[in-house]
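Q: Shown below is the structure under consideration.
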Amino acid sequence: VVVALSWSVKTSEAVSLDPARRELSGGARWFYVMKRCRMHIFYSGRVQGVGFRYSVKALVSGFEVTGTVRNLPDGRVELLAEGDKKELESFRRAIRESELGHFMRDEKVIWEEATNEFRGFEIVREKD
C-alpha cells in the first residue's frame with residue numbers, strides 16, 4: 001500500500017496524522033493507492049468441457065479483479081487476473097472452494113507485476 005500526500009504546510013509546522021479523518025494537520029489530505037499485481041494461474045485436470053471458464057466469469061463479479069480466462073491447446077485453463085493481492089487471493093480461494101474445485105488436479109500460480117492492460121474480465125475464445 002502506498003500512502004500519497006498532498007499538502008501545503010509550513011516546513012516549521014509539526015505534521016500529525018488523523019487516520020479517522022484522512023487528514024494531516026495544516027489541511028494536508030492523504031489517501032491509499034492499492035498496489036495492483038498480476039496472478040497468472042494454469043489449471044490442470046478435467047478443466048475443459050465442464051463450464052470452467054464460465055463459472056470463473058460468474059465468480060469474478062464478486063471481486064474487484066480484471067483479466068481473462070481461456071482454454072489452452074494442451075488441455076489446461078489459463079487465468080490472468082489483476083487487482084489488489086488480497087482480493088486476488090480471495091478470488092483464487094473462491095474458485096478452489098466452488099464446484100470447480102473437484103475438476104482441478106493442479107494449479108500453478110505465478111505472481112507478477114500488473115500491466116493494467118485489462119478492462120473488465122473476459123473469456124478468451126480460441127480462434128477458428
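The values are calculated or read from the model by the stated rules, or taken from the named source; none is laboratory data. Predicted, not measured: the structure shown is a model, and the values here were computed from it. Virtual Cβ from ideal backbone geometry, glycine too; neighbours counted across all protein chains shown. When the accessible area is computed, the model is the full protein with side chains, heavy atoms only, and any ligands, DNA or RNA have been set aside. Shrake-Rupley method; radii C 1.70, N 1.55, O 1.52, S 1.80 Å.
Q: Roll a 1.4 angstrom probe over the protein heavy atoms and tell me the percent of accessible area of segment 34-128 that is carbon or sulfur.
A: Values: 2630 of 5700 Å².
Answer for segment 34-128 is 46 percent, counting heavy atoms of protein chains only.
Q: Follow-up question, since we're still on this one. Largest first, how would Ile123, Ile95 line up by accessible area (1.4 Å probe)?
A: Details: Ile123 20, Ile95 0 Å².
Final ranking, largest accessible area leading: Ile123, Ile95.
Q: May I pose another question? Can you pull out the trypsin sites (Lys or Arg not before Pro) in segment 59-128 that DSSP calls coil and that have at most 12 other Cβ atoms within 10 Å? Working shown, then result.
A: On the way: sites: Arg70, Arg76, Lys85, Lys86, Arg92, Arg93, Arg96, Arg105, Lys108, Arg119, Arg125, Lys127; in loops: Arg76, Arg119, Arg125, Lys127.
Qualifying residues, ordered by number: Arg119, Arg125, Lys127.
Q: Turning to a different aspect of this structure: Roughly how much of Tyr54 is accessible, in Å² to the nearest 10, using a 1.4 Å probe?
A: 120
Q: First select every other residue whose beta carbon is under 10 angstrom from the beta carbon of Ser44; then total the charges, Lys and Arg +1, Asp and Glu -1. Show your work: numbers first, answer last.
A: On the way: positive: Arg46, Arg76, Arg105, Lys108; negative: Asp74, Asp106, Glu107.
With Lys, Arg at +1 and Asp, Glu at -1, the net is +1.
Q: Tell me the label-point distance for the pair Arg46, Glu117, using the 7 Å Cα-to-Cβ offset, in nm and rounded to one decimal.
A: 3.3
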